[in-house]
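Asker: I'd like to ask you about the structure that follows.
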Amino acid sequence: MNIYPKLKGQSALVTGANSGIGKAVAIALANEGANVVVNYVTHPEAADDVVSEIKNNNGNAIAIKADVSKETEVQLMFQKMFETYGTIDILVNNAGIQKDSAFENMTLADWQLVININLTGQFLCAREAVKEFLRRGIVKERSCAAGKIICMSSVHQVIPWAGHVNYATSKGGIELMMKSLAQELAPKKIRVNAIGPGAIQTPINTSAWSTPDALNKLLTLIPYGRIGQPEDIGKVAVWLASDESDYLNGTTVFADGGMLLYPGFSTNG
Ligand code: BGC
């Protein structure tokens, strides 16, 4: 753990924290002194590994299983979190999946699965967190806000994505959910923001980086010339969760190596 932790004594829930971006965010928050709930729905052993890594680094963490798209499972997860850590200060709405296909072949089941997990899951978790933030209010010793919500979005809240219509729709939805929540809750001193990662090297996009050809093609979309690492996003999450970003409300911080800069136009147009 850092010598001067920025999130000392705060409690954080990170959904989908047993792999990829969620795992890096959980580890980064714990490294700054937060008590972290590592949420998962499959692969409990991977969640246990994240908890062990945090504990080995003198942090606090527990793993809690819940499918974020199921109302009762989400409510039970919050209950368990409150039994262990008493409250919640930081919610990182991270859990998300892709079910890609050409639009004409997209099944209703794959449309709904992606919307249910990526968008409805963020709604369900945000609602439980907000109830607790409102009940408890500000605890000055921990933070000047009554609570912080960080929604994991994507560059695809802006960039349309052929072959991924369900996913891009979920991310576009996250943007206005996040902003509307931020508008509604700012007067209550609750901050709601988002992170828009670009291509981050995780299991969700293995096919985009696992062969040299795929990686080279991907890099033509990234002006900064490297694929992102989960830790790049962990650092942004720490900042958005801490009082150092206290004046940010309803903002998406894009961490994408310049993917949103229309690299196709750098030599044309
Ligand atoms: C997707 C990745 C993709 C990246 C950039 C993310 O939101 O989950 O699969 O590589 O956006 O296109």
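The values are calculated or read from the model by the stated rules, or taken from the named source; none is laboratory data. What you see is a predicted model; the values in this text were computed from it and never measured. Heads up, the Cβs are rebuilt from the backbone with ideal geometry, glycines too, and the neighbour counts pull from every protein chain shown.
Asker: Regarding region 200-212, can at least one residue be identified that is of a type in the set (A, V, I, L, M), outside any helix (DSSP H, G or I) and within 16 Å of the ligand (Cβ to nearest atom)? Walk me through it before giving the result.
Answerer: Taking region 200-212 and keeping what is of a type in the set (A, V, I, L, M), we get 200, 204, 208.
Checking which are outside any helix (DSSP H, G or I) leaves us with 200.
Then keep just the ones that are within 16 Å of the ligand (Cβ to nearest atom); that gives 200.
Checking region 200-212: at least one residue is of a type in the set (A, V, I, L, M), outside any helix (DSSP H, G or I) and within 16 Å of the ligand (Cβ to nearest atom).
Asker: Another question, then. Between residues in region 166-188 that are touching a residue at least 12 places away in the same chain (Cβ under 8 Å) and residues that are among the basic types (Lys, Arg) and within 12 Å of the ligand (Cβ to nearest atom), which pairs lie under 9 Å by C-beta distance while being six or more apart or on different chains?
Answerer: ASN166/LYS99; TYR167/LYS99
Asker: Picking from PHE82, PHE78, which residue would you name as being loosely packed, with under 15 Cβ neighbours inside 10 Å, touching an Asp or Glu at 6+ places or on another chain (Cβ under 9 Å) and of a type in the set (A, V, I, L, M, F, W, C)?
Answerer: Values: PHE78 fails: loosely packed, with under 15 Cβ neighbours inside 10 Å.
Checking each option against the conditions leaves just PHE82.
Asker: May I pose another question? What residue, of VAL50, VAL74, VAL114, VAL36, is within 20 Å of SER245 (Cβ to Cβ), hydrophobic (A, V, I, L, M, F, W, C) and not in a loop (DSSP other than H, G, I, E, B)? Spell out how you get there, then give the answer.
Answerer: Details: VAL50 fails: within 20 Å of SER245 (Cβ to Cβ); VAL74 fails: within 20 Å of SER245 (Cβ to Cβ); VAL114 fails: within 20 Å of SER245 (Cβ to Cβ).
Answer to the check: VAL36.
Asker: Is it true that ILE222 is in contact with a Pro (Cβ under 8 Å, 6 or more places away or on another chain), β-branched (Val, Ile, Thr), crowded, with 17+ Cβ neighbours inside 10 Å and part of a helix (DSSP H, G or I)? Full working, then the answer.
Answerer: Values: in contact with a Pro (Cβ under 8 Å, 6 or more places away or on another chain): yes; β-branched (Val, Ile, Thr): yes; crowded, with 17+ Cβ neighbours inside 10 Å: yes; part of a helix (DSSP H, G or I): no.
Judged against the criteria, ILE222 is not a match.
Asker: Using the structure shown, decide if ILE97 is in a loop (DSSP other than H, G, I, E, B), within 15 Å of the ligand (Cβ to nearest atom), under 19 Å from VAL25 (Cβ atoms) and out of contact with any strand residue (DSSP E or B) (no Cβ under 9 Å at 6 or more places or on another chain). Before you say what the answer is, go through the steps one by one.
Answerer: Details: in a loop (DSSP other than H, G, I, E, B): yes; within 15 Å of the ligand (Cβ to nearest atom): yes; under 19 Å from VAL25 (Cβ atoms): yes; out of contact with any strand residue (DSSP E or B) (no Cβ under 9 Å at 6 or more places or on another chain): yes.
So ILE97 passes the test.
Asker: Which of the following residues is over 21 Å from GLN229 (Cα atoms), modelled with pLDDT of 95 or more and buried (at least 17 other Cβ atoms within 10 Å of the Cβ): GLY198, GLY172?
Answerer: On the way: GLY198 fails: over 21 Å from GLN229 (Cα atoms).
The conditions single out GLY172.
Asker: Given the conditions (1) among the small types (Gly, Ala, Ser); (2) buried (at least 20 other Cβ atoms within 10 Å of the Cβ); (3) farther than 27 Å from CYS144 by Cβ, and given that ALA241 satisfies all but one, which numbered condition is not satisfied?
Answerer: For ALA241, the exception is condition (3).
Asker: Here is a follow-up. (1) surrounded by fewer than 16 Cβ atoms within 10 Å (Cβ to Cβ); (2) away from the ligand (no atom under 16 Å from the Cβ); (3) not hydrophobic (A, V, I, L, M, F, W, C): which one isn't true of ASN193, the others all being true?
Answerer: (1)
Asker: While we're here: Evaluate the following for ALA46: is it of a type outside the set (Ser, Thr, Tyr) and crowded, with 23+ Cβ neighbours inside 10 Å? It would help to see each step written out before you state the result.
Answerer: Details: of a type outside the set (Ser, Thr, Tyr): yes; crowded, with 23+ Cβ neighbours inside 10 Å: no.
The answer is no for ALA46.
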